[in-house]
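Please treat every number below as a calculation from the coordinates, not as lab data. This is a predicted model, so every value here is computed, not measured. When we count neighbours, we look across all protein chains shown, and the Cβ atoms used for this are built from the backbone with ideal geometry, even at glycine.
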Amino acid sequence: MTYQALNLQPGDAPFRADPAKSYTLPARFYHDPEIFALEKDAIFYKSWWYAGHVSQVAEAGAFLTTRIHEQNIFVARTRQGDLRAFYNVCPHRGHKLVEGTGRKNIITCPYHAWAFDFDGTLKSARNTENMEGFNRDEFALKPVQVEVFCGLVMVNLDPDATSFAEQTGDLEKEIRHYMPQVDDLAFAQRDTYDVKSNWKVMIDNFLECYHCHTAHKDFVDLVDMNSYRVRTNGLYSSQCSDAVKSTESKAFNFEQGDVEFSYAGWFVWPNFTIWVYPGEPNLSVLQMNPAEPERCIEYQDWFVPNGEVTPQLKDAIDYQIDVLQPEDIGLCESVQEGLKSSGYNQGRFVVDKGRTELSEHAVHHFQKLVAEALGARLDPG
C-alpha cells in the first residue's frame, strides 16, 4: 500500500539523491497519522531494534522487555545459557507474560497460570491434562530474532532479516576503535524523556552539528570542532571528533590519559544513536521511540565498567540530563510546531564540499532511508 501523501504533490520542491541539490522531505512526513501508521510495518516491524544490554540478562532466568509499537517482546537467558526472544504474550488468551526486567525460575502467566520455560516451551497448563486433542507443542511461545552486538541486545520481528552485524558493516570496528573496553561495560541507568515531537525530528537534530555553535555552547566547548566529521555508511552514520580540545570544559572535566578523542557518536537505522564521551570508559544508547505522530519517548541507557557510576562519569551523565537533552528537546519541540505552520513545507539541506561539522548531508541520508522504506516516489535527480 502506498499512501498518496508519500509522493510529491503540487507545491512540493524535489527531494533529490544529491543532498547539495535537494530540498527536505515535506512537512507532512512528520505529522500525518497515515504516514505514521505506514512506518510501523514498513520500518519498525522489519528493522533491528535496540532492546537492552547483555549485562541485564547475564544469568539463567534473567529477562528484559521492550515494546515496538503494539508489539511487546521479552528477551531471556535460558537454562542452557542461550539468549532467546519471544512475543510477550500468552498463547492461551493473550495476556502479557512479564513486565520490565527481572529474573524468574519459570515464566507463569498472571491470568490462568500457564507456565513456560525460557526456551519458549509450554511446561504446564492447568486442567488440560485430559483434554482431547490438546498438544502443548502448539502453544509454545512465538520466537523473535535476537542478536548481541557490542553488548547491545538487538531484536527483529522479521524472521527473514539478515543479521544486524552484517547489515551494519564496519560499525562494530568503529565502536571498538573508540571504546576498546566495550565488552567490560554493564548497564548503569536509564533516563526517560517524553518529547512533543515526531521521532524523525529528533534524529534529524542528532545528525547535524550546524546548530551546535548557536544551541550547544557547552558541547562546542567540550568537542574539537576542527576534527568533527560526519560520515554516512549504509544503515548508519558516524560523527566523531578525533582530537582532545580540553580536559576542562563547561560541560564536564576528565583526565587526559583516559581518551584520545573528544566525542564519538553513531546513528543506527532506524531510531537509535550510540554515544561515547571522553573520560573514563562509557557508552550510551539514546533511542527515539515513536509514541504518536507528534510525540516521542526517548530512552537513554548508560553503560560503564561494572555498572558503577564514578564521580567523573556522573558529571558526564548530569551534563547530558541537565544541559544537552533540555537544549535538544526544546529545539525539536519548536521545530514540530513549525512543521504544522501554513508558512512552512520544506527547507534546503545546507551541504558543503568538505562535509564539515556544518554540513547536513547525514540528515539527507536518513530522510532518504525513510523515503525508500516507505516506497515514496521522489525526484530521481
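Which of rounded, prolate, oblate describes the stretch 278-381, given a ≥ b ≥ c as roots of the alpha-carbon gyration tensor eigenvalues and a/c under 1.5 marking rounded, otherwise prolate only if a/b is larger than b/c?
Details: a/c = 2.10, a/b = 1.79, b/c = 1.17.
The shape class here is prolate.
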Degrees, to the nearest 10: 325-339 long Cα axis against longest axis of the chain: 80
The set of residues whose placed amide H lies less than 5 Å from the amide H of His53, leaving out same-chain residues fewer than 5 positions away, is Val153
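Near Asn289, within a Cβ-to-Cβ distance under 15 Å, what is the net charge of the other residues, with Lys and Arg +1 and Asp and Glu -1? Don't skip to the answer; put the middle values down first.
On the way: positive: Lys40, Arg67, Arg190, Lys196, Lys200, Arg295; negative: Glu39, Glu70, Asp191, Asp194, Glu292, Glu294, Glu298, Asp301.
Spelling it out: positives minus negatives among the neighbours equals -2.
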What are the ³J(HN,Hα) values, in whole Hz, obtained from phi via the Karplus relation 6.51 cos²θ - 1.76 cosθ + 1.60 with θ = phi - 60°, for each residue of the stretch 251-267 in sequence order, with x given for Gly and Pro? 6, 6, 9, 7, 8, 4, x, 7, 9, 10, 8, 10, 5, 9, x, 9, 9
Formal net charge of residues neighbouring Ser241 (Cβ-Cβ distance under 10 Å; K, R +1; D, E -1): -1
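Which loop GluC sites (Glu not before Pro) in the stretch 23-85, with loop taken from DSSP, have no more than 14 other Cβ atoms within 10 angstrom of their Cβ?
Numbers: sites: Glu34, Glu39, Glu59, Glu70; in loops: Glu59, Glu70.
Of the GluC sites (Glu not before Pro), the ones in loops of the stretch 23-85 whose Cβ has at most 14 other Cβ atoms within 10 Å are Glu59, Glu70.
If I take every Cα pair under 8 Å that is 6 or more residues apart in the chain, average their sequence separation and divide by the length, what percent do I get for the relative contact order?
It comes to 21 percent, rounded to a whole number.
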For His216, the net charge from surrounding residues (Cβ-Cβ under 11 Å; K, R +1; D, E -1) works out to -2
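For the stretch 116-188, run through the GluC sites (Glu not before Pro) and keep only the ones in DSSP coil with at most 14 other Cβ atoms within 10 Å of their Cβ.
Glu129, Glu132
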If I model a spin label as a point 7 Å beyond the Cα along the Cα-Cβ vector, how far apart are those points for Asp160 and His112 in nm? 3.3
(i) 38, 28, 17; (ii) 36, 23, 20; (iii) 44, 23, 19: which one is semi-axes √(5λ) of the Cα gyration tensor in Å as calculated from this entry? (i)
Quick check: pseudo-label points 7 Å beyond the Cα along Cα→Cβ at Phe134 and Thr214, how many nm apart are they? 6.7
Apply the Karplus curve 6.51 cos²θ - 1.76 cosθ + 1.60, θ = phi - 60°, to the phi angles in the stretch 109-116 and return the couplings in whole Hz, x for Gly and Pro. 5, x, 8, 10, 6, 5, 10, 10
Kindly provide the chymotrypsin sites (Phe, Trp or Tyr not before Pro) of the stretch 320-381 that DSSP labels as loop, not H, G, I, E or B, and whose Cβ sees at most 16 other Cβ atoms within 10 Å. Tyr344
For the stretch 146-158, in order, what is each residue's ³J(HN,Hα) by Karplus, 6.51 cos²θ - 1.76 cosθ + 1.60 with θ = phi - 60°, in whole Hz (x at glycine and Pro)? 9, 8, 9, 9, 6, x, 8, 8, 10, 10, 9, 6, 7
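Compute the Cα gyration tensor for the stretch 49-160, then decide on rounded, prolate or oblate, letting a ≥ b ≥ c be the square roots of its eigenvalues: rounded whenever a/c is under 1.5, prolate when a/b is larger than b/c in the other cases, and oblate in all that remain. Spell out each step's value before the answer.
Details: a/c = 2.02, a/b = 1.73, b/c = 1.16.
Taking the square roots of the gyration eigenvalues as a ≥ b ≥ c, the stretch 49-160 is prolate.
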Per the chain, cysteines lacking a partner by the 4.7 Å Cβ criterion: Cys150, Cys240, Cys296, Cys332
Given points 7 Å out from each Cα along the Cα-Cβ axis, report the Thr310 to His69 separation in nanometres with one decimal. 4.4
